[in-house]
1. The conditions are (1) touching a residue at least 12 places away in the same chain (Cβ under 8 Å); (2) out of contact with any Ser or Thr (no Cβ under 6 Å at 6 or more places or on another chain); (3) over 24 Å from ALA177 (Cβ atoms), and GLU66 fails exactly one of them. Which is it?
2. Hey, can you tell me all the residues within region 147-191 that are part of a helix (DSSP H, G or I), surrounded by fewer than 14 Cβ atoms within 10 Å (Cβ to Cβ) and not small (Gly, Ala, Ser)?
3. Name, by its number, the condition in (1) on the phi < 0 side of the Ramachandran plot; (2) free of Cβ contacts under 8 Å to residues at least 24 places away in the same chain; (3) surrounded by fewer than 16 Cβ atoms within 10 Å (Cβ to Cβ) that does not hold for THR128.
4. Would you mention how many residues in region 46-69 are in contact with a His (Cβ under 9 Å, 6 or more places away or on another chain) and either hydroxyl-bearing (Ser, Thr, Tyr) or closer than 17 Å to GLN221 by Cα (or both)?
5. I need the helices (runs of 4 or more DSSP H) fully contained in region 1-118, keeping only those with at least 1 residues that are hydrophobic (A, V, I, L, M, F, W, C) and over 26 Å from ILE212 (Cα atoms).
6. Could you tell me whether region 12-34 includes any residue that is small (Gly, Ala, Ser) and touching a Ser or Thr at 6+ places or on another chain (Cβ under 7 Å)?
7. Residues in region 194-212: is at least one part of a helix (DSSP H, G or I), among the hydrophobic types (A, V, I, L, M, F, W, C) and within 14 Å of the chain's Cα centre (by Cα)?
8. Of all residues in region 119-146, which are part of a loop (DSSP other than H, G, I, E, B) and of a type outside the set (Val, Ile, Thr)?
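The values are calculated or read from the model by the stated rules, or taken from the named source; none is laboratory data. In this text the structure is predicted, and so the values were computed from the model without any measurement. Don't worry about glycine lacking a Cβ; one is built from the backbone with ideal geometry, like all the others, and counts go over all protein chains shown.
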Amino acid sequence: MEIQEKDCTIPRHVALIMDGNGRWAEERHRPRLFGHKAGVDSVREVVETARSLGIEVLTLYAFSTENWNRPEGEVSGLMGLLKNYLRSELRTMLRNGIRLNCLGLPQRLPEDVRTVLQQTIEETRSCTAMTLNLALNYGSRSELLVAIQAIARQCLEGSLDWHSLTEETLSAHLFTAGQPDPDLVIRTGGENRLSNFLLWQASYAELYFTEIKWPDFRKEQFMEALYSYSKRQRRFGKTGAQVVTG
């Protein structure tokens, strides 16, 4: 069955763990970087689909704090793919009103990659149709630690009163400050875990896991995930009856 937009409830924020590139390549007896290159085409198609559907925020887990442990050649290749993607997609982002944002600690990225990343962020800053978050050198635990350190510093300086701290205070110090929490987290590649991704923000997100590896995840598969999301009842602690009548 071909799933249409009318069949789906469109979430405000979708987050994606793009897993399986390396294994996809190995199954084809090719180098792992071959899979990452193929995965760039999936990125383009999913971003285009999300924009056309009116999704407000799309977050892609592009490079985690743990990914530095991969072989040096693979890391270098990933950085090159990232730089090329940013350069090639700038015009498309501007034409489609897509604002680029970085989640994470980009200071560790190579200087040439940081330069292109910052230029793309600056040039798309006024775009308002959709925000595209790239999680780069990102880990949720390190994000929480950075936020807690900032809050502690403000408490010591007297600009914050620790008695008045709320969940909203912490949220306002995260990399996603000002954005809605993800409604749906999708992970490709057959693994059923969050892998240190948006742990605070995804507390009430719907989770969707698929065996399909990222290079094979395209518009059709994205629509299937949205269709699954549409069939779920989001209760946020209430009963089903309360949600129906509320």
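1. Of the numbered conditions (1) touching a residue at least 12 places away in the same chain (Cβ under 8 Å); (2) out of contact with any Ser or Thr (no Cβ under 6 Å at 6 or more places or on another chain); (3) over 24 Å from ALA177 (Cβ atoms), the odd one out for GLU66 is (3).
2. In the first step, residues of region 147-191 are kept if they are part of a helix (DSSP H, G or I); the result is 147-157, 162-164, 167-171.
Those still in the list that are surrounded by fewer than 14 Cβ atoms within 10 Å (Cβ to Cβ) too: 148-149, 152-153, 156-157, 162-164, 167-168.
Within region 147-191, ILE148, GLN149, ARG153, LEU156, GLU157, TRP162, HIS163, GLU167, GLU168 meet the criteria.
3. (2)
4. Initial filter on region 46-69 (in contact with a His (Cβ under 9 Å, 6 or more places away or on another chain)): 55-59.
Those left that are additionally either hydroxyl-bearing (Ser, Thr, Tyr) or closer than 17 Å to GLN221 by Cα (or both): 55, 58-59.
The total comes to 3.
5. Numbers: elements: 21-27, 32-53, 72-95.
Fully inside region 1-118 and qualifying: 72-95.
6. To start, the set of residues in region 12-34 that are small (Gly, Ala, Ser) comprises 15, 20, 22, 25.
Restricting the remaining residues to those that are touching a Ser or Thr at 6+ places or on another chain (Cβ under 7 Å) gives 15, 20.
So far as region 12-34 goes, yes, one or more of its residues are small (Gly, Ala, Ser) and touching a Ser or Thr at 6+ places or on another chain (Cβ under 7 Å).
7. Of the residues in region 194-212, the ones part of a helix (DSSP H, G or I) are none.
Checked against the condition, which is being part of a helix (DSSP H, G or I), among the hydrophobic types (A, V, I, L, M, F, W, C) and within 14 Å of the chain's Cα centre (by Cα), region 194-212 yields no hits at all.
8. Within region 119-146, the subset part of a loop (DSSP other than H, G, I, E, B) is 124-129, 139.
Correct list: ARG125, SER126, CYS127, ALA129, GLY139.
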